[in-house]
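J.: If you scroll down you'll find the structure; I have some questions about it.
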Amino acid sequence: MPLFARIITLTNFVIASSALSFQIFVLEPWHQTLDDQFQALKTEHIAMLKRHGEELSAIRSQIEALKEKEAKRGKEEFLR
């Protein structure tokens, strides 16, 4: 019986050591890579949002200019 308990104990130790080694040497660097990629993606997303915001502002100003032009044209036709 003590031999069986010793084998089980050693087996548990080997499995736990393997799992810890896998976490340290495989998963941790992989998580770091994912985190770096996520930060780069977040930076790119912020830049894209800023660029699209500027484009929308330009479109809004063009629409306002067209509305003003139409309003002036409407007044001129009304006064004729």
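J.: Provide the net charge surrounding GLN62, with neighbours chosen by a C-beta distance below 15 Å and charges set as Lys +1, Arg +1, Asp -1, Glu -1.
T.: So the environment of GLN62 carries a net charge of -2.
J.: Can you tell me how the stretch 33-80 classifies by the Cα gyration tensor, rounded, prolate or oblate, using a/c under 1.5 as the rounded cut?
T.: Prolate, because a/c is 1.5 or more and a/b exceeds b/c.
J.: Using a Cα-Cα cut-off of under 21 Å, which lysines could be cross-linked to LYS67, ignoring same-chain neighbours fewer than 8 residues away?
T.: LYS75
J.: Over the C-alpha atoms of the chain, what are the Rg and the largest Cα-to-Cα span, Dmax, in Å?
T.: Radius of gyration, then largest Cα-Cα span, for the chain: 33.5, 112 Å.
J.: HN-Hα J couplings of the stretch 71-76 from phi, Karplus 6.51/-1.76/1.60, θ = phi - 60°, integer Hz, Gly and Pro as x?
T.: Values, residue by residue: 5, 5, 5, x, 5, 5 Hz.
J.: Can I ask one more? What angle, in degrees between 0 and 90 and rounded to the nearest 10, separates the Cα long axis of helix 2-22 from the longest principal axis of the Cα atoms of the chain?
T.: 30 degrees
Coordinate-derived values only; no laboratory data. All of these numbers come straight from a predicted model, not from anything done at the bench. Here Cβ is always computed from backbone atoms with ideal geometry, including for glycine, and neighbour counts include all displayed protein chains.
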